[in-house]
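Written below as structure tokens is the structure these notes are about.
The values are calculated or read from the model by the stated rules, or taken from the named source; none is laboratory data. All figures in this text were calculated on a predicted structure; none of them were measured in a lab. A quick note on method: Cβ atoms are made from the backbone with ideal geometry, for glycine too, and the neighbour counts reach across all protein chains shown. Surface areas here come from the heavy atoms of the whole protein model, side chains and all, with no ligands, DNA or RNA. Shrake-Rupley method; radii C 1.70, N 1.55, O 1.52, S 1.80 Å.
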Amino acid sequence: MNQRKKAALFDLDGVVFDTEPQYTIFWETECRRYFPEQEGLAHAIKGSTLGQIFEKYFTGSLEDERGALTERLNAFERDMEYPFISGFVDFLSQLSLKGVRRAIVTSSNQAKMANVYRCHPHLKNLFDIILTAEDFARSKPFPDCYLTAAERLSVSKQECVVFEDSFNGIRSGRDAGMTVVGLATTNDIQALQPLCDYVISDYHDAKVQKIIDIFGTFQ
């Protein structure tokens, strides 16, 4: 924890964009459609990729429903809004002024990112790299995505800070051997605290300055 950090690696939904409430609406509708007897399932699957959801829940007779659900999700994401998490843009600017390398590391695919870029045409200019599901063989909770990001940014894992909101993402960052900041945008602060080095509610949180201070200045 004493080593100065050089790179900030951000998950997308719930970390860069405040999209989790919208996804909750979508998955609550779908869970009522397919699993009306399983209360709380929409929350339980948060942080899982669509493939992981299919493998766990859409098997047997429900396997034929995968195509239709995928089409509804794609249509939903095309019409979604992608507002930034409160304070994120200013936080990113402070890191940029310090010369910190910045990456998005998401399990979302390029089709989803095309929707994001339509809403935020200049998003790519805010980051050194953006990695999507196509860039690694195994999704979170495996550490592959964050290790790939460190390699692409030419930094060590000890020099990286991961920003995550989901348990799968937090495990990915921890197993990659990186410092992890949990955002309580999807899960409760109390649930995140034992798993993270820092936990913040958003980028206006009082602890944000302490996190900025662990990054060195490299310009």
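Computed about its Cα centre, the charge dipole of the stretch 1-118 is approximately 920 debye, with only Lys, Arg, Asp and Glu carrying charge at their Cβ. Over the residues of the chain, the helix contribution to mean residue ellipticity at 222 nm works out to -11500 deg cm²/dmol, using -39500 (n - 2.57) for each DSSP H run of at least 4. Diffusion coefficient (Stokes-Einstein, Kirkwood radius over C-alpha pairs, 37 °C, 0.692 mPa s) for the stretch 28-180: 191 µm²/s, rounded to a whole number.
On a 0 to 90 degree scale, rounded to 10, what angle separates helix 20-34 from the longest Cα axis of the chain? It works out to around 20 degrees. Note on ARG72/ALA137: beta-carbon distance plugged into 1/(1 + (r/R0)^6) with R0 of 35 Å gives a FRET efficiency of 0.85.
Ignoring the sites themselves, the chain has its longest run without GluC sites (Glu not before Pro) in a DSSP loop having at most 11 other Cβ atoms within 10 Å at 82-219. Taking Cα pairs under 8 Å and at least six residues apart, what relative contact order does the chain come out at, in percent? So the answer I get is 30 percent. Over 21 Å between C-alpha atoms is what I'm after, so list which of LYS46/LYS112; LYS5/LYS207; LYS98/LYS140 land there. In this structure, LYS98/LYS140 exceed 21 Å between Cα atoms.
Karplus-based coupling profile of the stretch 59-67, in residue order and whole Hz: 10, x, 5, 7, 4, 5, 8, 4, x, with θ = phi - 60° in 6.51 cos²θ - 1.76 cosθ + 1.60 and x standing for Gly or Pro.
Note on the stretch 86-122 and the stretch 196-214: Cα centroid distance 18 Å, given to the nearest whole angstrom. Solvent exposure of CYS119, expressed as accessible area, is near 70 Å², computed with a probe of 1.4 Å over the protein chains only.
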